[in-house]
Amino acid sequence: MQKLSISKIKTLSLNPHFYSLLMQSFLSGYGKPCELRLAFMSIPILLYSDSRDKLKNANKASRMDTLYNSPLVIREISISGKTRLSGFLERYDYLKPYCKEALIILASEKKLVIKGKNLVLLQKLDYKKFNGNVKEWMRCAFYLGVIFSKATVDHLSYFLGIEA
């Protein structure tokens with residue numbers, strides 16, 4: 001078995017084509033024109049395993065505050081639920097160029113159009129058509145879109161610590 005080099009692992013984990021699928025699933029869950037900033041906020045949440053783990057149990061009734069504010073109990077010690085989003089700002093800044101590439105891919109494939117500061121999805125993605133781990137990722141992205149659609153950009157920016 002061949003070992004993967006750090007550069008190959010980085011290439012796989014920073015794949016804008018995979019990010020474009022995540023964004024397409026996110027926008028499918030969002031279900032309406034979406035402000036550009038929200039798509040950029042979605043990827044750092046989805047790539048962090050602790051925050052993605054919470055999304056595995058999300059449903060149509062889930063909200064950001066109910067999903068990420070509940071305390072995490074580790075060895076009988078209660079820790080702020082927002083720790084599931086720790087490091088968000090660093091990931092957000094680091095992943096911006098890859099998110100831009102993902103949007104370019106979606107636009108070039110005619111799956112979305114950009115109108116002003118909004119993304120309009122032209123081709124929905126059904127996460128149920130995927131299998132295994134990819135289906136899980138797409139489901140998490142879909143429900144993050146559902147959750148984001150219930151909040152304002154200002155509320156999400158404040159919750160995540162991003163300057164609006």
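Every residue, every condition in (1) touching a residue at least 24 places away in the same chain (Cβ under 8 Å); (2) touching a helix residue (DSSP H, G or I) at 6+ places or on another chain (Cβ under 7 Å); (3) surrounded by 20 or more Cβ atoms within 10 Å (Cβ to Cβ), yes or no:
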| site | (1), (2), (3) |
| --- | --- |
| Cys99 | yes, yes, yes |
| Lys110 | no, no, no |
| Met138 | yes, yes, yes |
| Leu144 | yes, yes, yes |
| Lys150 | yes, no, no |
| Phe159 | yes, yes, no |
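Does Tyr127 satisfy being under 16 Å from the mean Cα position of the chain (by Cα), within 16 Å of Phe18 (Cβ to Cβ), in contact (Cβ under 8 Å) with a residue 24 or more places away in the chain and surrounded by 16 or more Cβ atoms within 10 Å (Cβ to Cβ)?
Spelling it out, Tyr127 is indeed under 16 Å from the mean Cα position of the chain (by Cα), within 16 Å of Phe18 (Cβ to Cβ), in contact (Cβ under 8 Å) with a residue 24 or more places away in the chain and surrounded by 16 or more Cβ atoms within 10 Å (Cβ to Cβ).
Taking segment 23-69, which residues are among the small types (Gly, Ala, Ser) and surrounded by 23 or more Cβ atoms within 10 Å (Cβ to Cβ)?
Passing the criteria: Ser25, Gly29, Ala39, Ser42, Ser51.
Report, by residue number, each residue of segment 22-37 that is part of a helix (DSSP H, G or I) and touching a Leu at 6+ places or on another chain (Cβ under 7 Å).
Passing the criteria: Leu22, Met23, Gln24, Ser25, Phe26, Leu27, Ser28, Gly29, Leu36.
Each value in this text was obtained by applying a stated rule to the coordinates, not by laboratory testing. Just so it is clear, the model here is predicted, and its values are computed rather than measured. In this analysis, Cβ positions are derived from the backbone assuming ideal geometry, glycine residues included, and neighbour counts consider all displayed protein chains.
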